[in-house]
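Each remark here refers to the structure printed beneath this line.
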Amino acid sequence: MNFVVPDFYPAAAEIFVAIMALVTMLATTFLKRIGRSLAYVLAQATLIGAAFITIYTMDGHVTLTFSNMFIADLMGDLLKLLIYFAVAIGLLYGRAYLADRNMDRPEYFLLALLMTLGMMVMVTSNHMLTLYMGLEMMSLSLYAMVAFDRESARSTEAAMKYFVLGALASGLLLYGMSMIYGATGSLEFSGIAQAIYHQAANKTVLLFGLVFIMAGLAFKLGVVPFHMWVPDVYQGAPTAVTLMIAAAPKLAAFAISMRLLVFGLFELAEQWQSMLMFLAVASIVLGNLAAIAQTNIKRMLAYSGIAHIGFMLLGLLSGVVDGDRHFALNAYSSAMFYAVSYVLMTLAAFGMVILLSRAGFEAENIEDFRGLNQRSPWFAAMMMIVMFSMAGIPFFIGFFAKFSVLQAVVAAGYIWLAIVAVLMSVIGAFYYLRVVKVMYFDEPIDSAPIHAPADVRVMLSANGLAVAVLGLLPQGLMSLCAYALIASL
């Protein structure tokens, strides 16, 4: 058997992040006196360096390497750039919060890099094994980050719930993958697609495997009925960690949904779309209704996130109608645009929660936002923009994200589905507008000025303004998502 040396060039960014994670670990071990600040600087430098490498190696072509287990394409490159951005912003927003609680230890930034590497591997997987490796690398890093506040019983409980349910979901996903392998004789997505296309697969085993894969994916996406962990983990984790869970992993989850369902199991679209339809409707309905009853803003944003991911699934389920694939590109690009928009809004929302938190105080309740306009009119305006956008009010990016998905749903002929989604969005607007009402019309409990590092203030302002500007000019980002998918599918 001759060993073929793989082409390392397409995986240069992943190799760089892996090496820098080791460098960070060794450097902070030997330079303990400056370990905390050094780990943060190295983590940010790694993300910036990885972004430059990804842009440099991006050529718009689909390249396979490592025995076809790794795929480099435009969709993967774009998602990796967005993941670097989301993680870098998450580290920036959370640094002062962690320092106030003596949690800005080098291990936190090392875990963030390993989480990023896991997401990069997920995004560039062309094989069940590499996808599972990336998924576990990301998940194990997040379990440890949730439990990072060792003195908090609530964080430990959240981490235990996340770990136990995550292990169960990983088992379901792995079992589904084994059944797909048994039915098709391949673990490579293109090989699976070929086997199904040529009807060389056992249909019964294949459908059983699909059910288990959908259950595992639904947990990782945090959609109903596999959503139980989401509000508890969001509330129990330190807010800086909640931001890391809520933002970048959603991009990786979209990527594995595309790789598994569209790249690998596209011939079974009629079957998995009907499963996604149930997951999407249940998530939109339960997410919006449950969020109304929440007084804790982290739990509210958790249920809100469940509803938003339900909206993203609407795009994925609208690609094939009665065997007609004419709508596929528009539907999948709308889902990708929605995922990117949601991450941008989530970064700003949790950034505001972190901004109002300080040493010894967690701004977790909606009541903690009372009178924010009197304390800081500028940041009250930023939070208002984010809440309006999440509610889908024109003309913010959230409105166009929902509009593009609903357009794809209507084009696919699912009129009733679009009506349900719109009605639930109207109901959901209540809990977003409640936050705006508290900020502008209630008297402040605490009139102390808001203190935050200058870089956090500048980036949070830019984040909020980006939500508004991209709402006025969404076409560029929409076209970029569509072009990335055209070049990759």
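The values are calculated or read from the model by the stated rules, or taken from the named source; none is laboratory data. Quick caveat: nothing in here was measured; it's all calculated off a predicted structure. Every residue, glycine among them, receives a Cβ derived from its backbone with ideal geometry; neighbour counts consider all protein chains shown. Keep in mind that these areas ignore ligands, DNA and RNA; they rest on the heavy atoms of the full protein, side chains included. Shrake-Rupley method; radii C 1.70, N 1.55, O 1.52, S 1.80 Å.
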| task | Roll a 1.4 angstrom probe over the protein heavy atoms and tell me the percent of accessible area of region 366-489 that is carbon or sulfur. | result | 74
| request: Calculate, for region 337-489, the solvent-accessible area per residue in square angstrom, rolling a 1.4 angstrom probe over the heavy atoms of the protein chains. | output: 41
| remark: For the chain, averaging the sequence separation of alpha carbon pairs under 8 Å that lie six or more residues apart and dividing by its residue count, the contact order in percent is 15
| field | Cα-based shape type of region 394-489, given that a ≥ b ≥ c are square roots of the gyration tensor eigenvalues and the cut on a/c is 1.5 | value | oblate
| Along the positive direction of the dipole of the chain (beta-carbon charges: Lys, Arg +1; Asp, Glu -1; about the Cα centre), which of 47, 454, 482 reaches farthest? | 454
| Linear extension gain, residue 433 paired with residue 451, 0.36 nm per residue minus alpha-carbon span | 3.9 nm
| field | 10 Å-binned pair-distance histogram of the chain (Cα, whole percent) | value | 4, 20, 32, 27, 13, 3, 0, 0
| message | Just to verify a number: FRET efficiency for residue 361 and residue 458, C-beta to C-beta distance, R0 = 25 Å, to 0.05? | response | 0.60
| For the pair residue 4 and residue 423, what calculated FRET efficiency results from E = 1/(1 + (r/R0)^6), where r is the Cβ-Cβ distance and R0 = 45 Å, to the nearest 0.05? | 0.20
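About the Cα centre of region 1-103, what is the dipole size in debye to 20, counting +1 per Lys and Arg Cβ and -1 per Asp and Glu Cβ, all else neutral?
Numbers: 6 positive and 6 negative charges, 145 e Å.
The calculation lands at about 700 debye.
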| Of 32/298; 80/437; 402/437; 220/402, which sit over 31 Å apart, Cα to Cα? | 32/298; 80/437
| field | Which of 390, 20 is most accessible, then next, and so on - probe 1.4 Å | value | 20, 390
| region 30-126, relative contact order in percent, only Cα pairs under 8 angstrom and at least six apart counted | 39
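Counting only protein chains, not ligands or nucleic acids, how are 132, 234 ordered by accessible area (probe 1.4 Å), most first? Spell out each step's value before the answer.
Numbers: 132 50, 234 5 Å².
From most exposed to least exposed: 132, 234.
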| said: I want to check the label-to-label distance for residue 271 and residue 486. Put each point 7 Å from Cα in the C-beta direction and report it in nm to one decimal. | reply: 3.3
| note | Here the residues of region 157-190 lying in the modelled label zone of residue 133, meaning backbone nitrogen under 11 Å from a point 7 Å along Cα-to-Cβ, are none
| field | Potential extension, residue 26-residue 411 segment - 0.36 nm per residue separation minus Cα distance | value | 133.2 nm
| field | With every protein chain in place, region 247-314: carbon and sulfur % of accessible area (1.4 Å) | value | 69
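Can you give me the % of accessible surface on region 30-131 that is carbon or sulfur? Probe 1.4 Å, all protein chains present, nothing else counted. Could you put the intermediate results ahead of the total?
Details: 2610 of 3880 Å².
After summing per-atom areas, the C and S share lands at 67 percent.
Per residue, how many Å² of accessible area does region 155-312 show with a 1.4 Å probe?
Values: 4790 Å² over 158 residues.
Result: 30 Å² of accessible area for each residue.
Taking a 1.4 Å probe, which of 480, 187 shows the most accessible area, and what order do the others take after it? Present the calculation step by step, with values, prior to reporting the outcome.
Working: 480 80, 187 40 Å².
Largest accessible area first, the list is 480, 187.
About the Cα centre of the chain, how large is the charge dipole given +1 on each Lys and Arg Cβ and -1 on each Asp and Glu Cβ? Please answer in debye to the nearest 20.
Numbers: 24 positive and 26 negative charges, 124 e Å.
Approximately 600 debye in magnitude.
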| request: Work out the FRET efficiency for residue 205 and residue 100 from their Cβ-Cβ distance, taking R0 = 60 Å, and round it to the nearest 0.05. | output: 0.65
